[in-house]
Amino acid sequence: MKFTEMPYERPDLEGFKETSNKLLERITSAASAQEQIDAYLEFEKLEKAVNTACSLAYVRHTINTKDAFYDGENSYVDEISPALQEISQKINLALLASPFRPALEERFGKLLFTNLEISVRAMKPEIMDLMQEENRLQSEYQKLYASAMVEWEGQSLPLPKLGPFKQSPDRAVRRAAFEAEGRWFDRHQDELDRLYGQLIQNRTAQGRAMGYDSYIPLGYDRLGRNCYGPQEVAAFREQIAGDMVPIVARVKKEQEKRLGVEKLKFYDDLLVFPDGNAAPQGTADDILAAGREMYRALSPETAEFVDFLYDGDLLDVLSKEGKAPGGYCTEFAAYQAPFIFSNFNGTSGDVDVLTHEAGHAFAFYRAARHGYLSALTSPTMESCECHSMSMEFLTAPWHEKFFGPLTRKYEIGHCSDALIFIPYGCMVDEFQHRMYENPELTAGERNQVWLELEKKYRPWTDFDGLPFYSRGAGWQRQLHIYLYPFYYIDYCMAQTVAFQFWLASMQDRPDAWQRYLRFVDAGGTKTFRELVEAAGLKLPYAPGCIREIGQAISGWLDRNPL
């Protein structure tokens, strides 16, 4: 079924409650494990239908935030989602309390119950009002960001359209593009400061209502992290600061020499080569066509997947006024269908979408067809990012379809960008921990923390008086900080796994692909630790892991000059 043909019907909260309560009664009064299994599987089907409707409302809203109908439906979903979670939690609690739990664990696996124990720690009815308010604040931020238009050379452009100008070979153009972006954020400084302040207070109140000193433990539970915690994350960040930042500093120094500037400025960051970064050779339609050819050639599994994706119109990638910023992959579980959302802007990032977001989509497509429970279709988020970031590198033999003679330039830029990103991602993560450890910080104090972390993770950065960035507010353009607390370090840990898959593929490509396919096909039936170890790779927070990977990637860059 095509995306446009998928019917939307507003989720019936009362009907969902009524049917769920009947199933709950069947679970609690069951005389056997099989009776509980049957009732739970019925609930699973019911919940899948509701979640699909919620996803349809969200996707159609983000495609056009000016659509009054889906704006209203998205607000309705925000309003009812805590109640939906409460109902699911009652079912989960009943399973956890089952006298037949050993038989249930044998049927569904022990990890399901570990995950359920985490999920029931993530909410209770007393915080439903706070959760609804959090949803409203997040939507307000997203709508504000989606409304961002800047004046550029006599025309009004959405922010994503500045992307090519921020990578212009003309330094004055690059600076002007960053200034235009910064002026928009400065004009909306009060709104952005207010929204984040309210989100901090709201989430802190939720954490304290759940019995924690701060929001941090609750934030980890909401990400379902089931094999590591803040201590391992902090150890990973310190490895990055100690072992990766010096390597990246050397890469940035090489970039400075390559560009021929006396000192690298922030507005030079995105330009890797003096004559311009590698850009896709062709139109958006050409890029999409090349993407289909790539996945048909990569493997039988990806060929089947890409035909399903394209034939179902399961992607919306062109930037337009009113469209929400950023990119994501979600799914319509009732149809076993992934969906890719993005904003093409004529840069190499357009190709990255077809490798990164398609990696997510491929993983869901495969897991859904293995018949896993919804709760076991996807692993935790860092593992999901391994799906996507590894796909970026495993598609390397077909990058020439997009970049032609600029392919080597793209590969060097892509590798450098991936390396450079990791310290930034750690900076975002430590910033968030600092914010929730100190929820009473003022807006100005939050900005000072960001500037302090810039020195730790990106000591080469010089903002050169740019608006917005120079006052330490650059974090406000990072959607994850507002919308997805603590979901950013996942990208950093996943990048280290992706690098390992890439290095393995250069040694034995068929073996690396089969290891990746096993990683993907496990869905959420294994923890991050189990998935990484089963693939024969090193955990990102294992001692010495970052130094080894950093040296290997640095060596590749040395051996592959343009």
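Data table
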quantity: Size of segment 278-346 as Cα extents on the principal axes (Å, biggest first); calculated: 34, 32, 17
quantity: Stokes-Einstein diffusion coefficient of segment 265-400, Kirkwood radius over Cα pairs, 25 °C, 0.890 mPa s, in µm²/s; calculated: 155
quantity: Identified option (computed Cα Rg over 2.2 N^0.38 Å; candidates (1) 0.96; (2) 1.05; (3) 1.38); calculated: (1)
quantity: Cβ-placed point charges (K, R +1; D, E -1), dipole of segment 181-333 about Cα centre in debye, nearest 20; calculated: 720
quantity: Qualifying trypsin sites (Lys or Arg not before Pro) in segment 225-269, DSSP loop, other Cβ atoms within 10 Å at most 15; calculated: Lys263
quantity: Average projected area [Cα convex hull, segment 326-381], square nanometres; calculated: 4.0
quantity: Which of Cys415, Thr283, Leu314, positive extreme of dipole for the chain (C-beta unit charges); calculated: Cys415
quantity: Within segment 244-293, GluC sites (Glu not before Pro) in DSSP loop having at most 15 other beta-carbon neighbours inside 10 Å; calculated: Glu262
quantity: Size of charge dipole - segment 467-562 - debye, nearest 20, with Cβ of Lys, Arg +1 and Asp, Glu -1, no other charges; calculated: 240
quantity: Segment 17-166: relative contact order as a whole-number percent, Cα under 8 Å and 6+ apart; calculated: 21
quantity: Förster radius 30 Å - calculated FRET efficiency between Arg250 and Glu445, Cβ distance, rounded to 0.05; calculated: 0.35
quantity: Segment 167-320 shape via C-alpha gyration tensor axes, a/c threshold 1.5; calculated: oblate
quantity: Reciprocal mean inverse distance between Cα atoms of segment 406-478 - Kirkwood radius, Å; calculated: 13.6
quantity: Extended-chain gain in nm, criterion 0.36 nm per residue less alpha-carbon gap, Lys124 and Gln507; calculated: 132.9 nm
quantity: Charge-dipole axis of segment 1-82 as Lys and Arg at +1 and Asp and Glu at -1 on Cβ define it, positive-most pick from Pro82, Tyr8, Phe43; calculated: Tyr8
quantity: Rel. contact order, % - alpha carbon contacts under 8 angstrom, at least six apart, the chain; calculated: 18
quantity: Probe 1.4 Å, accessible area per residue of segment 242-382, Å²; calculated: 36
quantity: 0 to 90° range, to nearest 10: angle between helix 407-437 axis and the chain longest Cα axis; calculated: 60
quantity: For segment 54-172, radius of gyration divided by Kirkwood radius, i.e. Rg to Rh on alpha-carbons; calculated: 1.21
quantity: Cα-Cα P(r), segment 1-120, percent of pairs per 5 Å interval; calculated: 2, 10, 19, 19, 16, 12, 10, 7, 4, 1, 0
quantity: Rounded to 10°, Cα long-axis angle of helix 128-146 versus longest principal axis of the chain; calculated: 30
quantity: Under 21 Å from the Cα of Lys161 - lysines, other chains or at least 8 residues apart; calculated: Lys66, Lys143, Lys320, Lys323
quantity: Selection of GluC sites (Glu not before Pro), segment 130-225, meeting DSSP coil and at most 11 other Cβ within 10 Å; calculated: Glu153
quantity: Lysines whose Cα lies under 28 Å from that of Lys17, excluding same-chain neighbours fewer than 8 positions away; calculated: Lys45, Lys48, Lys90, Lys110, Lys124
quantity: Between helix 509-521 and the chain: long-axis angle, C-alpha atoms, 0 to 90°, nearest 10; calculated: 40
quantity: Cubic angstrom per residue, convex hull over Cα atoms of segment 458-500; calculated: 101
quantity: Relative contact order of segment 235-381, pairs being alpha-carbon contacts under 8 Å that are 6 or more residues apart, as %; calculated: 17
quantity: Distance in nm between pseudo-label sites at Arg547 and Ala103 (7 Å out along the Cβ direction from Cα); calculated: 5.4
quantity: Value at 222 nm in deg cm²/dmol, rounded to 500, when DSSP H runs of n ≥ 4 in the chain each add -39,500 (n - 2.57); calculated: -21000 deg cm²/dmol
quantity: Rg followed by Dmax, in Å, when segment 451-562 is reduced to its Cα trace; calculated: 17.9, 50
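The values are calculated or read from the model by the stated rules, or taken from the named source; none is laboratory data. Computed from a predicted model, the values in this text were never measured in an experiment. Virtual Cβ from ideal backbone geometry, glycine too; neighbours counted across all protein chains shown. Each accessible area value is taken on the protein alone, full model and side chains, heavy atoms only, with ligands, DNA and RNA left out. Shrake-Rupley method; radii C 1.70, N 1.55, O 1.52, S 1.80 Å.
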